[in-house]
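Below: one structure, written as structure tokens.
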Amino acid sequence: MTQRLLRTVSPIDGSIYVERPFAEARQIEAALAKAAEAQRRWKQVPIAERAETCRRMTAWCVDRADALAEELTRQMGRPIAHSAFEIRRGLHERVSYMADIAEAALADVQVEAKAGFERFIRREPLGIVFVVAPWNYPWLTSVNAVVPALLAGNAVVLKMAQQTPLVAERYAEALAAAGLPDGVFQYLHLDHEQVGRVVQDPRTAFVAFTGSVGGGHAIQRAASERFIPTGLELGGKDPAYVRADAPLDATVENVIDGAFFNAGQSCCAVERIYVHVAVYEAFVERAVALTKDYKLGNPLNGETTLGPMVRSDAADHVREQVRNAVRAGAKALIDPALFEADAPGTPYLAPQILVSVDHRMAIMTEETFGPAVGIMRVAGDDEAIELMNDSHYGLTASVWTTDAEAAKRIGERVETGTYFMNRCDYLDPALAWTGVKDSGRGCTLSRLGLETFTRLKSYHLRLSL
């Protein structure tokens, strides 16, 4: 019988960069059995030791950040100049924070004293946490679940996206080097049907999924016959609102970076921009000038600032959104001819800014997940808020202003999981990462994110009869 293979096609040149066999049924069974046994021992390890293991894992990765960055670039196309930040900055920052707060966050909850009794609430591990992670930020999206799950005393089985399978393998190497007991962390290369089987397995206690809305529905269907929690982070159509008092140069620089970094392939990328009429023309002019400075090309070239999208069909989806918007009356301000690498039918796609857009166009309402963004003028806060909320997504939103009190007032009315003032496209590990509407449910990061990977158990001890 021919073994089925997972193949990672590099968007750089269309070559097969990684080839791995999909797991067989016996391997899945062995991994889950091993994880269940290992978790029973791991939960007895003091939290401080678990935290130190996670820190050692991170140090292993940081020491090899350049090599891991090149692997990542070859797998999914991010410019080599940007890839290492995911390890050196993002991974290190998040693991360090979660490890530092773990003992306090996972400590027993003490209740009011009562004579003759000892009472407290303990946060116990769930068991086996199944993490299904995407390719666009494979280290950062997975670490949000892998590390807090381990800190809480769970075993983890990681299924990484087909585009970035080496990330799962490097996790295993790093955690083994850090001294994690065998079986506490494992990875499996799985297809969609096999993912469903692992979700439905009675040993799986929690599913942490990051991906599309359709994928989230599939996870929910697979889990529907079982009483297990799921954490779903499903993407967005994140808005930025530029008020009349915004510091324009810094705002343009940050908002455009938030739209086009990683070729726009971020669930919390800026995907629609609303600009006060008083600064609209100046904002658009500066945004276009800045966008023309991007260098689209081979991401292994250190001067490239915009790499290919992950696949040709992903780039074609963006091209189609832009074409449809133009047919409906939008105006595209960037000539693709300015970018030599841009080629229809390939993953290499020039960035695009569109004006004369409205919410009848998919470019302003449906996830783009690529380097194209629409800009609308608005008369003031009320109109901006109405348009920001006119979406079935709600992951992040940002306001750009010098008036912090106005920003807070606007934030109270914006339907979103994370609300920014004067920044975007960033996850602070001290804050809960969560979404509303079709952006998902559940929570990672912060003290609350650690608690997600536990169940409560009350101890009610009568000290004498």
Check your understanding: Hey, any hits in the stretch 275-288 for a residue that's modelled with pLDDT under 95 and either outside the structural domain of P134 (by TED's automatic domain parsing) or not acidic (D, E) (or both)?
Key -> no
| query | Can E253 be described as in a helix (DSSP H, G or I), free of Cβ contacts under 8 Å to residues at least 12 places away in the same chain and on the phi < 0 side of the Ramachandran plot? | reply | no
**Prompt:** Do we have G183 as outside any helix (DSSP H, G or I), surrounded by 24 or more Cβ atoms within 10 Å (Cβ to Cβ) and in the same structural domain as C54 (by TED's automatic domain parsing) here?
**Reply:** no
Apart from one, (1) farther than 16 Å from A289 by Cβ; (2) small (G, A, S); (3) surrounded by fewer than 21 Cβ atoms within 10 Å (Cβ to Cβ) all hold for A332; the odd one out is (1)
Only one of L158, L140 is over 22 Å from K43 (Cβ atoms) and under 19 Å from the mean Cα position of the chain (by Cα), namely L140
V277 fails exactly one of (1) free of Cβ contacts under 8 Å to residues at least 60 places away in the same chain; (2) closer than 22 Å to T251 by Cβ, namely (1)
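Yes/no per residue for (1) on the phi < 0 side of the Ramachandran plot; (2) free of Cβ contacts under 8 Å to residues at least 24 places away in the same chain; (3) of a type in the set (A, V, I, L, M, F, W, C):
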residue: T141; (1), (2), (3): yes, no, no
residue: P165; (1), (2), (3): yes, no, no
residue: A174; (1), (2), (3): yes, no, yes
residue: F185; (1), (2), (3): yes, no, yes
residue: E193; (1), (2), (3): yes, yes, no
residue: R197; (1), (2), (3): yes, no, no
residue: P202; (1), (2), (3): yes, no, no
residue: V207; (1), (2), (3): yes, no, yes
residue: T210; (1), (2), (3): yes, no, no
_Quick check on E225: is it at pLDDT below 95 and either part of a helix (DSSP H, G or I) or outside the structural domain of G417 (by TED's automatic domain parsing) (or both)?_
yes
If we ask which residues in the stretch 428-459 are surrounded by fewer than 19 Cβ atoms within 10 Å (Cβ to Cβ) and free of Cβ contacts under 8 Å to residues at least 40 places away in the same chain, their number turns out to be 4
task = Looking only at the stretch 88-105, decide whether some residue is over 16 Å from L445 (Cα atoms) and assigned to a strand (DSSP E or B).
result = no
Scanning the stretch 232-249 for residues that are closer than 13 Å to V436 by Cβ and outside any strand (DSSP E or B), the one farthest from the chain's Cα centre (by Cα) turns out to be K237
The condition from (1) more than 14 Å from W400 (Cα to Cα); (2) in a loop (DSSP other than H, G, I, E, B) that A263 misses is numbered (2)
Within the stretch 293-328, the residues that are polar (S, T, N, Q) and within 25 Å of the chain's Cα centre (by Cα) are N298, T304, T305, S312, Q321
Here the qualifying pairs (Cβ atoms under 8 Å; residues six or more apart or on different chains; first in the stretch 22-38 and under 15 Å from Q200 (Cβ atoms); second part of a helix (DSSP H, G or I)) come out as I28/Q194; I28/R197; I28/V198; L32/V198
Scanning the stretch 140-164 for residues that are of a type in the set (A, V, I, L, M, F, W, C), surrounded by 23 or more Cβ atoms within 10 Å (Cβ to Cβ) and part of a helix (DSSP H, G or I) gives V143, A145, V146, V147, A149, L150, L151
Over the stretch 266-295, the set of residues in contact with a Leu (Cβ under 9 Å, 6 or more places away or on another chain), among the hydroxyl-bearing types (S, T, Y) and in a helix (DSSP H, G or I) is T291
Condition set over 23 Å from G258 (Cβ atoms) and without any contact (Cβ under 8 Å) to a residue 24 or more places away in the chain, scope the stretch 336-357, selection surrounded by the fewest Cβ atoms within 10 Å (Cβ to Cβ): answer is A337
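The values are calculated or read from the model by the stated rules, or taken from the named source; none is laboratory data. Everything numeric here is computed off the predicted structure, so don't read it as measured data. Neighbour counts are summed over all protein chains in view; Cβ atoms, including those assigned to glycine, are modelled from backbone coordinates with ideal geometry.
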